[in-house]
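Presented below is the structure to which this report refers.
The values are calculated or read from the model by the stated rules, or taken from the named source; none is laboratory data. Computed from a prediction, not measured in an experiment: that's the story for all the values here. All Cβ positions, even for glycine, are placed from backbone atoms using ideal geometry, and neighbour counts span all protein chains on display. Just so you know, the surface numbers come from the protein's heavy atoms only, side chains and all, with ligands and any DNA or RNA stripped out. Shrake-Rupley method; radii C 1.70, N 1.55, O 1.52, S 1.80 Å.
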Amino acid sequence: MDLSDLVDRYCQVWNEPDAARRAELLASVWAAGATYTDPSVNAANAEALRSHIAKVQARRPGSKVVRVSGVDVHHGIARFAWHVVQADGTTLPDGLDLAFLSPDGAKIERIIGFFGPLRDRE
């Protein structure tokens, strides 16, 4: 499987307005027991992630998550950059996700996300 395809399908989950379709999309990329963590939430399962995504969509109607980098991978861990394009076309600062992959690389077992650019060294 092409990891770019897997990541793009994961991003589509965040963009899907229909809850039933969003659940189907998530099931196609999300491993059983997978978790999602970013600065605002620690979702311990698919249901918690679907709930979080619904809340994000309610705060930013019409926004889209867009992958803005290639997908790097080694030892079953992928990284990719993304940003949010709001309904009016403005973009939010890039984020970075680390995706821990299933042994066959077909699904995501864990996402750890970061918002905004790296800080300068202190």
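Of the residues that make up the range 21-28, is at least one within 14 Å of G105 (Cα to Cα), open to solvent by less than 30 Å² (accessible area, probe 1.4 Å) and of a type in the set (A, V, I, L, M)?
Within the range 21-28, the first condition is being within 14 Å of G105 (Cα to Cα), and the residues that meet it are 28.
Narrowing further to those that are open to solvent by less than 30 Å² (accessible area, probe 1.4 Å): none.
The answer is no; no qualifying residue exists.
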(Q) Based on this model, can you work out whether R9 counts as farther than 16 Å from A106 by Cα, modelled with pLDDT of 95 or more and basic (K, R)? (A) no
Q | Enumeration of residues in the range 37-51 that are surrounded by 13 or more Cβ atoms within 10 Å (Cβ to Cβ) and under 17 Å from H83 (Cα atoms) | A | T37, D38
Q: Only residues that are within 16 Å of the chain's Cα centre (by Cα) and open to solvent by 80 Å² or more (accessible area, probe 1.4 Å): list them for the range 92-108, please.
A: P93
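Within the group A87, A44, which residue is closer than 17 Å to I111 by Cα and either among the aliphatic types (A, V, I, L, M) or modelled with pLDDT under 95 (or both)? Write out each step before concluding.
Values: A87 fails: closer than 17 Å to I111 by Cα.
Result: A44 is the single residue among A87, A44 that is closer than 17 Å to I111 by Cα and either among the aliphatic types (A, V, I, L, M) or modelled with pLDDT under 95 (or both).
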Q: For L25, work out the one condition from (1) within 20 Å of L101 (Cβ to Cβ); (2) in a helix (DSSP H, G or I); (3) touching a residue at least 40 places away in the same chain (Cβ under 8 Å); (4) not hydroxyl-bearing (S, T, Y) it doesn't fulfil.
A: (3)
Q | Hits in the range 53-96 - residues which are of a type in the set (S, T, Y) and in a loop (DSSP other than H, G, I, E, B) | A | S63, S69, T90
Q. If you check D8 against the conditions, is it open to solvent by 80 Å² or more (accessible area, probe 1.4 Å) and either polar (S, T, N, Q) or more than 27 Å from R119 (Cβ to Cβ) (or both)?
A. no
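Select from the range 1-22 the residues that are among the hydrophobic types (A, V, I, L, M, F, W, C) and part of a helix (DSSP H, G or I) and list them in ascending order. Quick ask: steps written out before the conclusion?
Taking the range 1-22 as the starting set, the residues that turn out to be among the hydrophobic types (A, V, I, L, M, F, W, C) are 1, 3, 6-7, 11, 13-14, 19-20.
L3, L6, V7, C11, V13, W14, A19, A20, listed by residue number.
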Q. Can you name the condition, by its number, that I112 falls short on among (1) open to solvent by less than 80 Å² (accessible area, probe 1.4 Å); (2) outside any strand (DSSP E or B); (3) touching a strand residue (DSSP E or B) at 6+ places or on another chain (Cβ under 9 Å)?
A. (2)
